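Since the structure comes first, as structure tokens, the remarks are kept for the end.
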Amino acid sequence: MCIRDRYQRRVHGEFRKMKAPMFMPQFPFPFFPGNAAPKPPIATHLLRLFRPRLNIEYVPGEKRSRCRSLDGILDNRRDYLQMFEEEDPPEATRGETKEEKRKRRYFEKLETHKTDLKDRSKEYVPADDPNVEGDPYKTIIVARLNYETTEKTLKKEFERYGPVKRVRIVRDPKTEKSRGYGFVEFEKVEDFKTAYKQANERRIDGRKVVVDYERGRTIAGWLPKRLGGGLGDTRNTTPSFLKGAVRPRNR
């Protein structure tokens, strides 16, 4: 026995002891560089999947004719030139953009609203209002009321400053719901002054109220907030498309 045969037997014995993976079949002899790689047995239906496809037969495409040249216009150009105008073209008009249209509509509505306020302010005469009674120099206005606050609760809160003669909460004539403000008339001027100084920002039914004296019958030319007058600038906000984003007012 030659050395090569003994070497092959020893390597073959070590190879048989190795545990091959399930997908790798154990070959009966080791692989050497000089020998050809063994081919594992594969089923016939699997070998068909790896067969190369037949070459696609070449089919020449259809011959396409070139685009015919457009002629006839240049030959009779004198007839066509008479159809064009000799005057200068009109100036191009530029349409308004979306933002410009939005601004235009905003200012148109603003002007209409101002005109409407002027017409309504001419008819505003608080002294002729049948619902307004009492002495205006003894009456305070209480604003930012809770919509659930009643005349009884409002009278009880202001009786601590002195005897109250009359209490009126302004309500909607159709729904009879409170509009969030009312009037309190005292019997004495001293009690009226005390309530005007101390009752401001007092909490009634969980909301801070604003107290002020009645200005409609005491100041000439006074207009309420609904007619473009009043105090403060809570309603004079600028739209976001005109001056940045409007920050909501903290209450």
*Could you say which residue among Glu190, Glu201, Glu176 is under 20 Å from Asp135 (Cβ atoms) and of a type outside the set (S, T, N, Q)?*
Glu190
*asked:* Please go through the stretch 129-179 and give me each residue that is on the phi > 0 side of the Ramachandran plot and modelled with pLDDT of 90 or more, ordered by number.
replied: Arg144, Gly162
*Flag if Leu54 is over 58 Å from the mean Cα position of the chain (by Cα), modelled with pLDDT of 65 or more and assigned to a helix (DSSP H, G or I)*: no
*Any idea which of (1) surrounded by fewer than 16 Cβ atoms within 10 Å (Cβ to Cβ); (2) in contact (Cβ under 8 Å) with a residue 24 or more places away in the chain; (3) not aliphatic (A, V, I, L, M) is the one Gly230 doesn't satisfy?*
(2)
*asked:* Cβ contacts < 7 Å: first residue free of Cβ contacts under 8 Å to residues at least 40 places away in the same chain, restricted to the stretch 191-206; second residue β-branched (Val, Ile, Thr) and surrounded by 16 or more Cβ atoms within 10 Å (Cβ to Cβ), any location; separation 6+ or different chain. Result?
replied: Asn200/Val210; Asn200/Val211
*asked:* Go through the stretch 97-138 and report how many residues are open to solvent by less than 90 Å² (accessible area, probe 1.4 Å), farther than 29 Å from Arg168 by Cβ and without any contact (Cβ under 8 Å) to a residue 60 or more places away in the chain.
replied: 5
*From the options Arg202, Arg247, Arg235, residue that is at pLDDT below 85, open to solvent by 60 Å² or more (accessible area, probe 1.4 Å) and touching a helix residue (DSSP H, G or I) at 6+ places or on another chain (Cβ under 9 Å)*: Arg235
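The values are calculated or read from the model by the stated rules, or taken from the named source; none is laboratory data. The structure displayed is predicted, hence computed values, not measured ones. Every residue, glycine among them, receives a Cβ derived from its backbone with ideal geometry; neighbour counts consider all protein chains shown. Surface areas here come from the heavy atoms of the whole protein model, side chains and all, with no ligands, DNA or RNA. Shrake-Rupley method; radii C 1.70, N 1.55, O 1.52, S 1.80 Å.
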